[in-house]
Amino acid sequence: MTQPPVVLTIAGSDSGGGSGLQADLRTFAAQSVHGVCALTVVSSQNTNEFRSAWPVPASVVQSQIEAILDDFDVKVVKTGLLYSRENIELIS
């Protein structure tokens, strides 16, 4: 059996589930793609308002990415909210 392609999303988390990693992973699954992720920021939001954001340090984002790349044959990387200059520099 052929394994589905693996796509890495590097993005923030939306506690309301309407955007960010949650939406990316649902979209990947709907396309029969295996989604993996690295979290850049945790947000508190819902469909009506954005309340707060807690950034994930670049060193932790890097550790997540390295762990994924050590185990998965990632074919595509999709970025979302990187949030900080350090994360942008890391990804670039």
**Request:** All but one of (1) loosely packed, with under 12 Cβ neighbours inside 10 Å; (2) at pLDDT 95 or above hold for V42, so report the exception by its number.
**Result:** (1)
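Determine whether A30 is at pLDDT 95 or above and touching a strand residue (DSSP E or B) at 6+ places or on another chain (Cβ under 9 Å). I'd like the intermediate steps shown before the answer.
Details: at pLDDT 95 or above: yes; touching a strand residue (DSSP E or B) at 6+ places or on another chain (Cβ under 9 Å): no.
Here the answer is no, as A30 does not meet what is asked.
On the given criteria, is V77 surrounded by 12 or more Cβ atoms within 10 Å (Cβ to Cβ), modelled with pLDDT of 95 or more, hydrophobic (A, V, I, L, M, F, W, C) and under 18 Å from D24 (Cβ atoms)? Give the derivation first.
Working: surrounded by 12 or more Cβ atoms within 10 Å (Cβ to Cβ): yes; modelled with pLDDT of 95 or more: yes; hydrophobic (A, V, I, L, M, F, W, C): yes; under 18 Å from D24 (Cβ atoms): yes.
So V77 fits the description; yes.
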**Item:** Boolean, V74 is in contact with a strand residue (DSSP E or B) (Cβ under 8 Å, 6 or more places away or on another chain), of a type outside the set (S, T, Y) and without any contact (Cβ under 8 Å) to a residue 40 or more places away in the chain
**Value:** no
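For the chain, which fully contained strands (runs of 3 or more DSSP E) count at least 1 residues that are of a type in the set (G, A, S) and under 11 Å from the mean Cα position of the chain (by Cα)?
Ranges flagged: 6-14, 34-45.
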**Prompt:** Name the residues in region 5-17 that are in contact with a strand residue (DSSP E or B) (Cβ under 8 Å, 6 or more places away or on another chain) and either modelled with pLDDT under 95 or of a type in the set (S, T, Y) (or both), would you?
**Reply:** T9, S13, D14, S15, G16
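The values are calculated or read from the model by the stated rules, or taken from the named source; none is laboratory data. The shown structure was predicted, so the numbers you read here are calculated from the model rather than taken from an experiment. All Cβ positions, glycine included, derive from the backbone under ideal geometry; neighbour counts span all protein chains shown.
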